[in-house]
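The values are calculated or read from the model by the stated rules, or taken from the named source; none is laboratory data. On a predicted model such as this, the values are computed, not experimentally measured, just so you know. No Cβ is skipped: glycine too gets one built from the backbone with ideal geometry, and neighbour counts run over all protein chains shown. For accessibility, only protein heavy atoms count, side chains too; no ligands or nucleic acids. Shrake-Rupley method; radii C 1.70, N 1.55, O 1.52, S 1.80 Å.
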Amino acid sequence: MQNVFQQTIEQLTETKELLTPLQEDFPQLVDEFTTECKTFTLAAEKKNAEGRVLSISMVGRVKSGKSSLLNALLFEGTNVLPQAATPMTAALTYIRYAPECRADIDFFSSEEWENFLEQDRKYQFILQQAKLKLEELERQEEERCRRLRKPYRKRQITKEIIVKEAEKELNENFTAAHELVTMAQKSGLKVEQYLGKTDSVIAASPEELAGKMEDYVGANGKFTPLVCSSVIYINDERLNGYEIIDTPGTNDPIISRGRKTNRSLAQTDVVFALS
């Protein structure tokens, strides 16, 4: 099997070289092919590595109960694994064996956060346009009633009404970015100090670890909006030789995190789909 993988990788390398002259005319297609080749190569290397662990992934839609099921199976119901407050705050989580309980938490990169800020600005602009449109319609209605000498009752234009009007222009990416940016602003964090970095948490037991993780994955956690993924290490012999991946969800609204999840799934051995 290892020889087959090696031959395939060599063939892909040759194909990439043949595509180089097409980069200028078809940049997106060539880039996509290059990315897929890289993903395949990493997966092949992982599957052929000496002493590798069996990788098991849990997939399903956001809020389908993946984390709850794993908590019940592995930790007798204790919420060691993060259960997202919203689809936007779901995190990609790896569960591995280690002699001591600890967690390594990765924050979004500067590039990813800048993208969130740009999407949040688009979100605000779309809402502002929707607000102006509603105000203009309200002004026209007032003039119509005055012209027809009919009673006019002024409608209060609430945030909910504006968002509903803007729904056709908004997409999940803009909404997700707005939620993360708003949460970060409310937390009072100096966001740039954490981007691209990793925090580590050490605990004496899974229960203690769950408590300490609240700051990173809890509904009101201080760092929750900045967390992209985490690796949880548990001193449980049942996990020895295995790696369990708790994915955010197949409908993850955070694009960059979704890509990271897809790369992980490309390298996994077993997938459990929760409906």
Handout entry: Accessible surface, per residue, of the stretch 180-230 when the full set of protein chains is kept, probe 1.4 Å, Å²
Key = 50 Å²
Exercise for the section: Pick out, from LEU180, GLY60, ALA103, the residue whose Cα sits farthest towards the positive end of the charge dipole of the chain, with +1 on the Cβ of Lys and Arg and -1 on the Cβ of Asp and Glu. Expected result: LEU180
Completion exercise
Env charge @ LYS190, Cβ radius under 14 Å, K,R +1 / D,E -1, value +2
Problem - For SER109, residues with placed amide H under 5 Å, excluding near neighbours - result: GLY196
Exercise for the section: Could you give the size of the charge dipole of the chain about its Cα centre, using +1 on the Cβ of each K and R and -1 on the Cβ of each D and E, expressed in debye and rounded to the nearest 20? Expected result: 1740 debye
Practice task
Rounded to the nearest 10 degrees, what's the angle between the helix 66-75 long axis and the longest principal axis of the chain, both from Cα atoms, 0 to 90?
Solution key: 40 degrees
Completion exercise
Share of accessible surface on carbon and sulfur in the stretch 104-191, whole %, 1.4 Å probe and ligands ignored, is 49 percent
Exercise for the section: Match the structure shown to one of the listed values (i) 20.7, 68; (ii) 18.7, 57; (iii) 23.9, 86 of Rg and Dmax of the Cα atoms in Å, computed from it, and give that label. Expected result: (iii)
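So which of LYS38/LYS212; LYS159/LYS212; LYS168/LYS190; LYS63/LYS168; LYS63/LYS222; LYS164/LYS197 end up more than 28 Å apart, counting from Cα to Cα? Present the calculation step by step, with values, prior to reporting the outcome.
Values: LYS38/LYS212 36 Å; LYS159/LYS212 35 Å; LYS168/LYS190 33 Å; LYS63/LYS168 24 Å; LYS63/LYS222 21 Å; LYS164/LYS197 37 Å.
The pairs that break the limit, which is 28 Å between Cα atoms, are LYS38/LYS212; LYS159/LYS212; LYS168/LYS190; LYS164/LYS197.
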